[in-house]
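Have a look at the structure below, then the notes.
The values are calculated or read from the model by the stated rules, or taken from the named source; none is laboratory data. Nothing here was measured: the structure is a model prediction, and the numbers come from that model. Cβ sites come from the backbone with ideal geometry, for glycine too, and all protein chains shown count toward neighbours. Side chains are part of the model used for accessible areas, which takes the heavy atoms of the whole protein and leaves out ligands, DNA and RNA. Shrake-Rupley method; radii C 1.70, N 1.55, O 1.52, S 1.80 Å.
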Amino acid sequence: MRDRCPIEVTSLLRSSAALWTAPVWSGIVAFYFFYALHFEDSYEEVIGGPLWAAQQVARALNYFYAFAYGITLGLATWEGGRLKHDRVWDLAPSRARWRVAVQALAPAVGAGWAILLLPVVMRLVETRLLPTPTSVLPLVMEWASCARTPSSAASSGTSHRARSPHRSAPPPRTT
């Protein structure tokens, strides 16, 4: 029986840029969470008023949309460049190209999902609220958007176009 996953998850994560950049972006998320969300209101004001889980999830996500997309796109571009640099597309095709690209870009998408999940969990724990199905909808919507983000990186970094040898040389001069 053929193995469905030829590359192990641990080796995929170890070789990905998402793992070795995780301390940086998770530290930025944690610092900015406490700085940005408590800059406007003190902790006593946050937990003192009426609390709705949907409002707290939206408030926590508001600061991290752009950061999550930027990190996801940067990591996906890095991984696409690695595939191009390693000349993966010139090897014999034992797997489909889309499968290779999905496996290479999965840690980048996972990093974007973690960047969006981390402030939401921290905010719900801080306010002692339980998530409701409607309060989690903005998070799910942003996860879907974050999963689509690497498609532009995939089109630029992991694309494969055969180059004609005739087009690489300048046209002959006729005088």
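Just name the residue that is modelled with the lowest pLDDT out of those in the stretch 70-87 that are under 20 Å from Ala106 (Cβ atoms) and open to solvent by 60 Å² or more (accessible area, probe 1.4 Å). Talk me through it step by step, then tell me what you get.
Of the residues in the stretch 70-87, the ones under 20 Å from Ala106 (Cβ atoms) are 70-86.
Still in the running and open to solvent by 60 Å² or more (accessible area, probe 1.4 Å): 73, 77-78, 82, 84-86.
On the way: Leu73: 88, Thr77: 86, Trp78: 85, Arg82: 80, Lys84: 79, His85: 79, Asp86: 75.
That would be Asp86.
Yes/no per residue for (1) free of Cβ contacts under 8 Å to residues at least 40 places away in the same chain; (2) more than 22 Å from the chain's Cα centre (by Cα); (3) loosely packed, with under 11 Cβ neighbours inside 10 Å:
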{"residue": "Leu118", "(1), (2), (3)": "no, no, no"}
{"residue": "Val121", "(1), (2), (3)": "yes, no, no"}
{"residue": "Thr127", "(1), (2), (3)": "no, yes, no"}
{"residue": "Pro133", "(1), (2), (3)": "yes, yes, yes"}
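Give me the pairs, please: first residue somewhere in the stretch 46-67 and in contact (Cβ under 8 Å) with a residue 24 or more places away in the chain and open to solvent by 40 Å² or more (accessible area, probe 1.4 Å), second residue anywhere and assigned to a helix (DSSP H, G or I) and not hydrophobic (A, V, I, L, M, F, W, C), beta-carbon distance under 6 Å, and either six or more positions apart or on two chains.
Ile47/Thr127; Leu51/Thr127; Ala54/Thr134; Ala54/Ser135; Ala58/Pro138
Can you name the residue in the stretch 98-116 that is open to solvent by less than 40 Å² (accessible area, probe 1.4 Å) and more than 12 Å from the chain's Cα centre (by Cα) and is also farthest from His38 (Cα to Cα) among such residues?
Across the stretch 98-116, the extreme among qualifying residues is Val100.
If I filter the stretch 1-15 for residues that are modelled with pLDDT of 75 or more and either among the basic types (Lys, Arg) or in a helix (DSSP H, G or I) (or both), do I get at least one hit? Lay out the reasoning, then the answer.
We begin by selecting, within the stretch 1-15, every residue modelled with pLDDT of 75 or more; these are none.
Looking through the stretch 1-15, none of the residues is modelled with pLDDT of 75 or more and either among the basic types (Lys, Arg) or in a helix (DSSP H, G or I) (or both).
Kindly indicate the residue of the stretch 60-79 that is part of a helix (DSSP H, G or I) and over 13 Å from the mean Cα position of the chain (by Cα) and also nearest to Ala17 (Cα to Cα) among those meeting that condition. Please lay out each step first, then the result.
The first filter runs over the stretch 60-79 and keeps only residues part of a helix (DSSP H, G or I), leaving 60-62, 65-79.
Pick out the ones that are also over 13 Å from the mean Cα position of the chain (by Cα) and you get 60-62.
Numbers: Ala60: 26, Leu61: 24, Asn62: 26 Å.
Out of the qualifying residues, it is Leu61.
Under the condition of being buried (at least 16 other Cβ atoms within 10 Å of the Cβ) and more than 16 Å from the chain's Cα centre (by Cα), which residue from the stretch 27-45 is modelled with the lowest pLDDT? It would help to see each step written out before you state the result.
Initially, the stretch 27-45 is screened for residues buried (at least 16 other Cβ atoms within 10 Å of the Cβ), giving 29, 33, 37.
Remaining after also requiring more than 16 Å from the chain's Cα centre (by Cα): 33, 37.
Working: Phe33: 82, Leu37: 71.
Checking each candidate, the answer is Leu37.
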